[in-house]
1. Take LEU137 and decide whether it is within 30 Å of LEU17 (Cα to Cα) and in the same structural domain as ASN70 (by TED's automatic domain parsing).
2. Could you count how many residues in region 408-424 are closer than 15 Å to TYR389 by Cα, in contact with a helix residue (DSSP H, G or I) (Cβ under 7 Å, 6 or more places away or on another chain) and either hydroxyl-bearing (Ser, Thr, Tyr) or at pLDDT below 80 (or both)?
3. Among the residues of region 122-169, which ones are within 20 Å of ARG77 (Cβ to Cβ) and among the small types (Gly, Ala, Ser)?
4. Identify, please: which residue in region 425-466 is among the hydrophobic types (A, V, I, L, M, F, W, C) and modelled with pLDDT under 80 and is, among those, farthest from ASP531 (Cα to Cα)?
5. Which of the residues spanning region 94-114 are buried (at least 18 other Cβ atoms within 10 Å of the Cβ) and of a type outside the set (Val, Ile, Thr)?
6. Which of the residues spanning region 90-109 are at pLDDT below 80 and not in a helix (DSSP H, G or I)?
7. Within region 39-48, can one find any residue that is of a type outside the set (D, E, K, R), at pLDDT 80 or above and more than 60 Å from the chain's Cα centre (by Cα)?
8. Quick one: in region 473-487, of everything that is more than 19 Å from PHE550 (Cα to Cα) and in a loop (DSSP other than H, G, I, E, B), which residue is farthest from the chain's Cα centre (by Cα)?
Amino acid sequence: MNFKFTISRKISLGFGLFILVVAVVLFITTRTLTESITLTQDINEKHSPALYHLNILKNNVSESVALAENWVLYQTRSDNPSKLKLEELLNEDIPNKLSDLSKYTNEWELKDRVILEEVNQEIQALTVVYSEIKRILPSFESYTPINMMNAEFLVEDENKVDAISEQLYELIGSLIDKQQLVISDKSKIMAESFSTLLLRLVMIFIFVLVSGIVIAHFTIRSIVKPVKFLKRILLYLGKGIFPSTTMNISNDEIGDMSFAVNRLVEGLKRTTEFANEVGAGNFDAKYEPLSEDDELGRELLKMRDDLAENERYLELKVQERTDEVVRQKEEIENQKEKVTELYKDLTDSINYAKRLQQTILPGSELITNCFPESFVLYKPKAIVSGDFYWFREQNNQVMFSVIDCTGHGVPGAFMSLVGYNAINQVVKSTSRPSEILRGVSKLASETLQSRDTEEVKVQDGMDMAFCTINPDSLMLEYSGAYNPAYIIRNDELIELRPDKIAIGAYNEDQTKFSDVEFKLQANDIIYLFSDGYADQFGGPNGKKFMRRKFKALLLEICQLPMHVQRKELYTRFVSWQGKESQVDDICVFGVKITADSMKN
């Protein structure tokens, strides 16, 4: 059996080498860290605490010597703090320190434990001397010359306190030096371990780097380079270009693919030559499929035979098709004339509908009689509009509204007629905006819903803002269905918010609109509008104008005369729209409360 050094084996070799290196690094690092942790634990849990207690013990001994000298030299009472402190050192602190030290001496060398035992004995001897001093000078009255001389002898005699303390300092100092030396040695061992670890890691890194370069070079030569060559050949074939060179066959999967690609290229060349012969009309051209399973080859042979048969058949059909085309051309020209005529009739009908729709809009003279300072910006998207405005003066009250019907064009225009008739019918019985909206919603719902319960109900409706103004009290009543009202007073915009209920979605128990009352003042400006202006796409990024910019624009132009405001709104709209199509009908209604307003 021939051995194949396949791609999977190459990749396995590379990953195996990498895993081996990682395992070695992990082993060395783990062993070094384990040793360091052990040394650190010894230092932190044994030697450092022992060193700490030895230093405290030495300080306690030194303090006890000073306190004993004070006891002898200064005549004090038995409850003097220095005497009490000496008692505490002898009875608690020094014995406790000796007890604490015994916890860390298990691993000490024998000579160190012997020294610690000598320290214990010397402390006992020192305690005996202190007890003698306390016996001689137990109270304030005991400080007689003879007693003080005897006590001073105990303190100053070379065989007593001074001699014992000097011996203790030397013994404890030797133990301190020994613990410091042990800590220093173990710290050096840890430092050397980490230095060795660093050196080994650097060497392993260099080895990995060199190995990576070698493996990368080997991979590029044996895998990447042939794969790129295969990719280039396949890209050429995808563009219909045959490569000028063939691939070398290697002893792996890429070699197998190279063999298959070379064979594919040869087969495609033969297939191309055969297709060219057939395309030139040589239906006797010979072609051998690549194998028994070569479906393309079999289909090409079948195609050759079919084309030969079709050529004979098509010659018979050409004349028939030519006659058919001439006949269809004449029919298309006749249909074009009919479509043109129908389009003209439809356009004329829509234009007539526009004139009809304009008859329901209030005239400018009717509005200016009540509001000399006012404007209406009315710009349908199509010939007819789904937006309209309504105005009426009735019973010493002025009522006006802006209505936005669902859709635009012809469907919106039909909806506007429904809304117009409903408003005219409801205002006969009430002038309260909330009752008007409720009545319009009820009538619109009854008009739009099918009488046959099996049919789907019409879901169209309308949004509207309705205002009623009493000219005597200048009290404004407002109610809205999704459409708000804006009032600008002293360069500040006040928004009267609508109810989130659409006209036409009527429910006897749930459709209830609210009224908002607002006391008007001179120079107040009221704006009613549909959503077409704010929803228009345009600007440098093709985004919506939005209500926020619409509010800012109204505040910017509110000081201008009302007819100038209309012109400015139109100019800004056209500038924002740019090359974008108008997305919806536009209606903006503005009135300004002046001294001449509301005069009958």
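The values are calculated or read from the model by the stated rules, or taken from the named source; none is laboratory data. Since the structure is predicted, the reported quantities are computational estimates derived from the model, not experimental observations. All Cβ positions, even for glycine, are placed from backbone atoms using ideal geometry, and neighbour counts span all protein chains on display.
1. no
2. From region 408-424, those closer than 15 Å to TYR389 by Cα are 408, 412-424; that's our starting set.
Then drop every residue that is not in contact with a helix residue (DSSP H, G or I) (Cβ under 7 Å, 6 or more places away or on another chain), which leaves 413, 416, 418-419, 422-423.
Checking the rest, the ones that are also either hydroxyl-bearing (Ser, Thr, Tyr) or at pLDDT below 80 (or both) come to 413, 416.
Adding up the residues that qualify gives 2.
3. Correct list: SER131, SER139, SER142, ALA151.
4. VAL456
5. Correct list: LYS97, LEU101, TYR104, TRP108.
6. Those that are at pLDDT below 80 and not in a helix (DSSP H, G or I): THR105, ASN106, GLU107.
7. no
8. So the first thing to find is which residues in region 473-487 are more than 19 Å from PHE550 (Cα to Cα), and the list is 473-479, 481.
With in a loop (DSSP other than H, G, I, E, B) added as a condition, the list becomes 473-474.
Numbers: SER473: 55, LEU474: 52 Å.
Once the filter is applied, the top-ranked residue is SER473.
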